[in-house]
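Please treat every number below as a calculation from the coordinates, not as lab data. Quick caveat, the model's predicted, so the values are computed rather than measured. For neighbour counting, all protein chains shown are included, and Cβ atoms are generated from backbone atoms with ideal geometry for every residue, glycine included.
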Amino acid sequence: MGKFNQPNIIEKEIENHPDRTVNKENGVAFNPTAKTDLTLRVLTWLVNEPKFYDNSTENTEIKNLVASIAAEDPEFILQLALYARKEMYLRSAPIFLLVEASAHQTCKPYLKQYTKSIISRVDELTETLALFIQRNGQIGSRGKASIPNSLKEGLADAFHSFNEYQYGKYDQNGIVKLKDVLRLVHPKPKDEKESELFKKIRDRTLATPETWETQISGKGSTKEAWVTILPKMGYMAVLRNLRNFLKVGLDVAPVSAILTNPEQVAKSKQFPYRFLSAYKVLETESEGDAFARQKLMEAVSVALELSTANLPHWKGRTFVSSDNSGSMDSPLTDKSKMTRKEVGNVMAALAYRNSDSAIASVFGTYFKTVPLNPRNTVISNAQTLINTDVDCSTNAYLCMQYLIEHKVNVDRILIFSDMQCYDSQATEGFYSMFSGYRGVSRPPQLSYGNTLAAMLKHYKRTVNPNVYLYSFDLAGYGTLQFPQDEPNVCLISGFSERIFDFIKTYEETGQDLISKIKQVKP
């Protein structure tokens, strides 16, 4: 073969990679290891909520991954559940992992010690038992299923973690009640006081706690009722009721004081996007005093800044790109108006602020750099990114192409996406007429060059061989945009600002997400 007519070596590397597969859009992608697959899925999993692409088999896929990992590293499943609960602030996904782990003999030696730490709220006791029954059938005299002793002992230990107020708040009339869990796991009281508490749970004679729900339910949504209950409200409850405060004409000064209290912000463990959600509610609210509304909007913006005040700062030059394609417009939940695009751009705006020097950008059918003002708030910069229209395809490779063509030398690249990337130009003529329409069958991608994986290799060979790349998966569909053997690529997942902790650690020690989870102990 002549020296000037050889096939593109990088494209051949991508085409022949043993992990190569296709994603939901038939774009080039890569298979992860079982642990990485489970991790990326779980940390973005809002259980049984719809996604843009069909997720009807998601529960089964996660069960299969748990079964596979249980055979080789059973403790990892509980470590991931604990990490998801404590570090990523998820609730349902950790419970799902806990119940699935209880079905595998290899996991049972670890169940008791992890269960107490995973169960962080009273209603998670009933949630665990309800899911166990849903999975295995009725227990004891009502059916043939039985709770493994290790899980039973772990749940019994968890009963020592809460007080009467907490039990009263979550003693709901669900299919499974607190007294049902108590009856099945038999926690042993530590003293007379706890013995009396357990008796109240069993008899359902717990004192009715004064919460904002009981207060407003009993007295109505009046100014006087909100004034009375405000000092007793949790941070998230305050954040969710800003519209109600405006409607009744509540003095917003004490509300703002709560929202901007650094200690309360830190304890609240709110996802960054929740502040944007509250801000959007206020933006569209027409009732109440306009000046009060403006004050609350300012407080919410400050709260987001405070929530991320302790994030590590990154030295050097950072390139940030966020996916503004059509699939990212899907809402996180049936009840939420927040989209993955909004979540991704809040995270992108945070990343921009966290850097010594940064370029922000978005991609879709097209690619655009987005000039941001470092003196603006995170919410303001996030909205600028969100409002940048690049059409609905997912040509993620364009962000890397920009860096290559302009020889932009950066220390790190951060990409926020659902990772369902492809090259819409590869099927021009047929598919371009239906861009973004999921009912059209897309032929396999024709070019292995127009992929993030290939472009990263080009960038390393022509601009910076030592660049770090952080791939933030915001959907967890089970495929990767980069093979796991690509040096200096860190795969990350989740909606919490804690995901940024990895960047400094990874660049200093090379410790990836799986290694971090493997260090988690109850």
Among DSSP bridges having both ends in the chain, what percentage is antiparallel? Round to the nearest 5.
25
Note the direction-averaged projected area, equal to a quarter of the hull surface, for the Cα convex hull of region 131-211, in nm².
5.7
Does the chain come out rounded, prolate or oblate, given a ≥ b ≥ c as the square roots of the eigenvalues of its C-alpha gyration tensor, rounded meaning a/c under 1.5 and, failing that, prolate meaning a/b above b/c?
oblate
Cα gyration tensor category, rounded, prolate or oblate, for region 34-203 with a/c compared to 1.5
prolate
Short version: ³J(HN,Hα) in whole Hz for each residue of region 17-25, in order, from phi by Karplus 6.51 cos²θ - 1.76 cosθ + 1.60 (θ = phi - 60°), x for Gly and Pro, what are they?
5, x, 9, 5, 8, 10, 9, 5, 9
Net charge within 12 Å of N55 by Cβ-Cβ distance, Lys/Arg positive one each and Asp/Glu negative one each, not counting N55 itself?
-2
Rounded tilt (10° steps) of 192-203 against the dominant C-alpha axis of the chain
80
Scan the chain and hand back the longest stretch that contains none of the chymotrypsin sites (Phe, Trp or Tyr not before Pro) lying in DSSP loops with at most 11 other Cβ atoms within 10 Å.
5-429
Normalised by the residues of the chain, what does the relative contact order come to in percent, with Cα pairs under 8 Å and at least six apart?
19
Over region 212-307, relative contact order from alpha-carbon pairs under 8 Å, at least 6 apart, %:
31
Antiparallel DSSP beta bridges within region 243-367, percent to nearest 5:
20
Counting only residues 5 or more apart in sequence or on a different chain, those whose built amide H sits under 5 Å from that of S357 are G316, T318
Could you tell me the center-to-center distance, by alpha carbons, between region 221-275 and region 128-154 in angstrom?
39
What does the charge count around E497 come to, taking other residues whose C-beta lies under 13 Å from its C-beta (Lys +1, Arg +1, Asp -1, Glu -1)?
+1
According to the square roots a ≥ b ≥ c of the eigenvalues of the Cα gyration tensor, what is the shape class of region 212-307, taking rounded for a/c under 1.5, prolate for a/b larger than b/c otherwise, and oblate for the remainder?
oblate
Would you mind checking the tilt of helix 149-158 against the longest principal axis of the Cα atoms of the chain, expressed as 0 to 90 degrees and rounded to 10?
70
Beyond 27 Å (Cα-Cα) in this structure, taken from K269/K341; K51/K177; K51/K247; K144/K179, we find K51/K177; K51/K247
Cα-based reach from K116 at 17 Å (exclusive), listing lysines while leaving out same-chain residues under 8 positions away:
K86, K108, K152, K188, K190, K521
What translational D, rounded to a whole number of µm²/s, comes out for region 276-428 from Stokes-Einstein when the hydrodynamic radius is the Kirkwood one over Cα pairs, at 37 °C and 0.692 mPa s?
199
Region 334-358 and region 19-69 have their Cα centres apart by a whole-number Å value of 22
Please give the net charge around H186, taking every other residue with its beta carbon less than 10 angstrom from that of H186, where Lys and Arg add +1 and Asp and Glu add -1.
+2
Residues M419, M233, M88 arranged by fewest to most Cβ contacts within 10 Å:
M233, M88, M419
